[in-house]
Amino acid sequence: MMFKRICLIIMLALVPLYLFSADVTVTALRGPTAMGMVKLMKDSEGESVDGNSYTFKIEGAIDAVTPALVRGSTDIAAVPANVSSVLYNNTDGAIRVLAINTLGVLYIAEKGDSVHSVEDLRGKTIYASGNGATPEYALRFILDSAGLEIGKDVFIEWRSEHAECVAALESNDGALAMLPQPFLTSALLNDPEIRVALDLNDLWMDVMGTELITGVVVARSDFIEENEEAVRTFLRSYEDSVSYVNGNLEEGAALVGEYGIIGEKVALKALPGCNITFISGEDMKEALSNYLSVLYSMNPKSVGGALPDEEYYFI
């Protein structure tokens with residue numbers, strides 16, 4: 001009788017695991033958002049993590065991520081903050097935001113020594129990636145605040161990936177590029193003539209008094225409806241992964257290198273400045289809604305034409 005009771009207790013304890021486990025496909029951009037996931041990526045190799053089985057995909061450009069969400073070939077994805085709102089509005093709520101995963105990581109780097117203020121950008125050309133996403137709107141906001149107009153006072157040459165901006169910066173004396181971490185550190189290590197000219201995160205804080213939000217993690221709404229507990233399990237595992245990477249820089253950098261996100265040496269130097277974070281629930285809602293309101297006031301199209309309603313936030 002005692003043996004049967006023990007078996008029953010064990011079976012009952014395992015029931016939630018079987019009920020709420022799921023096969024989860026996660027896509028992230030090559031950069032800080034993927035860097036925060038590496039511990040979970042490692043833990044999920046060949047086995048489930050708290051009942052969930054994961055497939056991870058790392059992409060170089062947002063153009064490869066958003067179609068995957070729309071088509072349903074990925075369940076969860078890390079995307080620029082404003083893109084999540086655009087997707088929500090343009091798909092009638094087919095995605096929802098789960099958490100903020102990256103704060104400010106943007107800088108203007110120069111191969112030279114002519115730019116020391118925003119005004120010094122007048123007449124300059126900047127190589128940049130992130131057209132239509134957080135990098136573009138952060139740069140526009142900083143330039144607008146200084147009275148500089150893109151296309152008239154400052155010129156932008158858009159590239160599809162940050163790595164292309166690094167290559168353009170390294171090959172042209174006097175060039176400027178808007179780079180996020182860890183690509184900034186990669187450029188600084190590769191070429192001693194490159195320097196940090198402007199910190200867009202500090203400039204944003206000076207103007208707005210709030211943190212610049214770069215990235216969020218989202219999920220398809222239908223996937224959440226069918227697997228809500230599995231999504232909450234993912235969030236706990238993702239938060240643990242972020243904490244591990246931030247608290248164990250050498251080990252985290254080794255994993256970043258192992259998964260080909262960026263070289264281990266670069267990752268080790270870049271991680272402290274990558275602003276990898278995990279903010280969910282009401283704190284996420286408050287911070288993100290304030291950020292999107294700023295973008296909306298600049299250009300409603302930057303958030304998809306309207307501020308998202310309550311259903312956008314997965315609390």
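The values are calculated or read from the model by the stated rules, or taken from the named source; none is laboratory data. All figures in this text were calculated on a predicted structure; none of them were measured in a lab. Neighbour counts run over all protein chains shown; Cβ positions are idealised from the backbone, glycine included.
Could you tell me which residue of the stretch 72-85 is nearest to E228 (Cα to Cα), considering only residues that are in a helix (DSSP H, G or I) and at pLDDT 95 or above? Of everything passing the filter in the stretch 72-85, S84 is nearest to E228 (Cα to Cα). Within the stretch 272-282, is even one residue assigned to a helix (DSSP H, G or I), buried (at least 19 other Cβ atoms within 10 Å of the Cβ) and modelled with pLDDT of 95 or more? So far as the stretch 272-282 goes, no, none of its residues is assigned to a helix (DSSP H, G or I), buried (at least 19 other Cβ atoms within 10 Å of the Cβ) and modelled with pLDDT of 95 or more. For the residues S241, S293, the requirement of being in a helix (DSSP H, G or I), touching a residue at least 60 places away in the same chain (Cβ under 8 Å) and under 28 Å from V231 (Cβ atoms) singles out S241. Among the numbered conditions (1) part of a helix (DSSP H, G or I); (2) among the small types (G, A, S); (3) out of contact with any Asp or Glu (no Cβ under 6 Å at 6 or more places or on another chain), the only one that A254 does not meet is (3). If you go through the stretch 211-231 one residue at a time, do you hit one that is hydroxyl-bearing (S, T, Y), under 24 Å from G132 (Cβ atoms) and touching a residue at least 12 places away in the same chain (Cβ under 8 Å)? Within the stretch 211-231, one or more residues are hydroxyl-bearing (S, T, Y), under 24 Å from G132 (Cβ atoms) and touching a residue at least 12 places away in the same chain (Cβ under 8 Å).
What about V256, is it crowded, with 24+ Cβ neighbours inside 10 Å and among the β-branched types (V, I, T)? Spelling it out, V256 is indeed crowded, with 24+ Cβ neighbours inside 10 Å and among the β-branched types (V, I, T).
Do any strands (runs of 3 or more DSSP E) entirely within the stretch 122-223 hold 1 or more residues that are surrounded by fewer than 20 Cβ atoms within 10 Å (Cβ to Cβ), and if so, which?
Correct list: 125-129, 155-159, 194-199.
Yes/no per residue for (1) over 28 Å from G281 (Cβ atoms); (2) over 18 Å from the mean Cα position of the chain (by Cα); (3) assigned by TED's automatic domain parsing to the domain that holds I126:
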| residue | (1), (2), (3) |
| --- | --- |
| S145 | yes, yes, yes |
| I150 | yes, yes, yes |
| H162 | yes, no, yes |
| L176 | yes, yes, yes |
| P180 | no, no, yes |
| L189 | yes, yes, yes |
| L200 | no, no, yes |
| R220 | no, no, no |
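When I315 is tested against (1) crowded, with 18+ Cβ neighbours inside 10 Å; (2) in contact with a Ser or Thr (Cβ under 9 Å, 6 or more places away or on another chain); (3) free of Cβ contacts under 8 Å to residues at least 60 places away in the same chain, only condition (1) is not met. One residue is enough: does the stretch 91-106 have a residue meeting the conditions in contact (Cβ under 8 Å) with a residue 12 or more places away in the chain, charged (D, E, K, R), out of contact with any Leu (no Cβ under 6 Å at 6 or more places or on another chain) and closer than 19 Å to M298 by Cα? No, the stretch 91-106 contains no residue that is in contact (Cβ under 8 Å) with a residue 12 or more places away in the chain, charged (D, E, K, R), out of contact with any Leu (no Cβ under 6 Å at 6 or more places or on another chain) and closer than 19 Å to M298 by Cα.
Screening the stretch 1-55 for helices (runs of 4 or more DSSP H) wholly inside it with 3 or more residues that are of a type outside the set (S, T, Y) and at pLDDT 80 or above returns the ranges 32-35, 38-43.
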